[in-house]
1. Go through the stretch 75-94 and give me each residue that's under 22 Å from Val146 (Cβ atoms) and surrounded by fewer than 20 Cβ atoms within 10 Å (Cβ to Cβ).
2. Of the residues that sit in the stretch 204-239 and are within 19 Å of Gly103 (Cα to Cα) and touching a residue at least 24 places away in the same chain (Cβ under 8 Å), which one is surrounded by the fewest Cβ atoms within 10 Å (Cβ to Cβ)?
3. Of the conditions (1) more than 25 Å from Ala177 (Cα to Cα); (2) surrounded by fewer than 16 Cβ atoms within 10 Å (Cβ to Cβ); (3) out of contact with any Pro (no Cβ under 6 Å at 6 or more places or on another chain), Ala70 clears all except one; give me its number.
4. So the check is Cβ under 8 Å with 6+ separation or different chains; which pairs have a first residue in the stretch 241-258 that's hydroxyl-bearing (Ser, Thr, Tyr) and a second one that's modelled with pLDDT of 90 or more and surrounded by fewer than 14 Cβ atoms within 10 Å (Cβ to Cβ)?
5. Any residue that is touching a residue at least 24 places away in the same chain (Cβ under 8 Å), open to solvent by 30 Å² or more (accessible area, probe 1.4 Å) and among the small types (Gly, Ala, Ser) - is there at least one of those in the stretch 146-161?
6. Where the second residue is open to solvent by less than 30 Å² (accessible area, probe 1.4 Å) and the first is hydroxyl-bearing (Ser, Thr, Tyr) and lies in the stretch 85-108, which pairs have Cβ atoms under 6 Å and are six or more apart or on separate chains?
7. Return a yes/no flag: does the stretch 59-74 have any residue that is among the acidic types (Asp, Glu) and closer than 23 Å to Leu158 by Cα.
8. What's the total number of residues in the stretch 198-256 that are among the hydroxyl-bearing types (Ser, Thr, Tyr), within 22 Å of the chain's Cα centre (by Cα) and in a loop (DSSP other than H, G, I, E, B)?
Amino acid sequence: MDGMDQAKPIGSGRYALTAAMPATLPRIVRHLGRDAILGREVVVLTLSGATPHRDEILDAASRAALIDDARLQRVYDVEHGNPAFIVTESVAGRSFGSLVREGLTPAQVRTIVGEAAQALEAASRRGLHHLNLSPESIRVLPDGRVKVSGLGIEAAALDLESRVAGHDPTAADRADARSLVEILYYGLTGRWPGKRPGIPSAPRLGGVPVKPSTLVPGIDPILDDLCERTWSSQPPISAAEVARSLGTWDQVAGYHDS
């Protein structure tokens with residue numbers, strides 16, 4: 001771990017690293033950890049001096065820590081020293097991708113995507129965007145709550161604010177809105193409305209993905225319309241618009257870790 005022993009506490013001894021986790025971002029090491037003061041499990045992201053966009057990642061994490069929405073993975077602590085590290089909430093439950101593979105009803109998909117959309121709306125109001133949203137970014141917890149992970153940190157680590165949005169907040173809003181609808185489409189049909197590794201692509205008609213009800217009869221026309229608008233010249237411009245377009249939804253059942 002860039003010279004640190006896994007068992008060695010960090011953060012003045014507050015956090016003990018308990019297990020290595022797979023790496024998901026360039027030159028950022030992840031561990032499960034334990035907060036000795038609050039007695040809770042956490043995830044510790046360790047950054048070295050060679051971590052690309054190190055300062056931007058730490059800044060994004062500090063900003064994410066200020067957003068108070070229970071549907072966003074909490075950032076508990078940010079340390080700018082050497083090594084620098086970020087402490088986040090450890091999120092249990094099941095990923096949206098795993099639930100889709102087992103089968104979700106359209107009502108469940110609407111709820112999960114709606115909750116994620118409202119979470120990203122709250123983030124957008126504070127100037128943060130995801131820009132790397134995927135089926136694995138969204139989890140359903142054992143109590144039925146929906147949790148979105150990676151806000152701010154992933155965009156900074158992958159330099160997506162400049163590469164995807166060109167540092168334009170309205171472009172970032174549109175990118176997150178499109179990602180939400182792509183995930184909605186996948187949840188409804190089991191197909192991706194484009195190309196994504198490991199997921200079958202949706203058939204196309206007139207150069208755009210067919211509407212979900214073409215593949216799964218009985219889809220609410222509201223959901224069909226949202227998907228069709230997204231591939232048209234009038235796509236939703238924000239996560240807030242996606243949430244409004246979905247209408248109302250019920251709470252989803254909880255899921256434990258697989």
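1. Tyr76, Glu89, Ser90, Val91, Ala92, Arg94, listed by residue number.
2. Looking at residues that are within 19 Å of Gly103 (Cα to Cα) and touching a residue at least 24 places away in the same chain (Cβ under 8 Å), I get Gly218.
3. Exception for Ala70: condition (1).
4. Taking only residues 6 or more apart or on different chains, the pairs are Ser245/Ile222; Ser245/Asp225; Tyr255/Pro142.
5. no
6. Note: pairs meeting the criteria are Thr88/Val43; Thr88/Val75; Ser90/Val42; Ser90/Val43.
7. So far as the stretch 59-74 goes, yes, one or more of its residues are among the acidic types (Asp, Glu) and closer than 23 Å to Leu158 by Cα.
8. So the count comes out to 3.
The values are calculated or read from the model by the stated rules, or taken from the named source; none is laboratory data. Here the structure is a predicted model, which means the values were calculated and not measured. FYI the Cβ positions are ideal-geometry reconstructions off the backbone, even for glycines, and counts take in every protein chain you see. When the accessible area is computed, the model is the full protein with side chains, heavy atoms only, and any ligands, DNA or RNA have been set aside. Shrake-Rupley method; radii C 1.70, N 1.55, O 1.52, S 1.80 Å.
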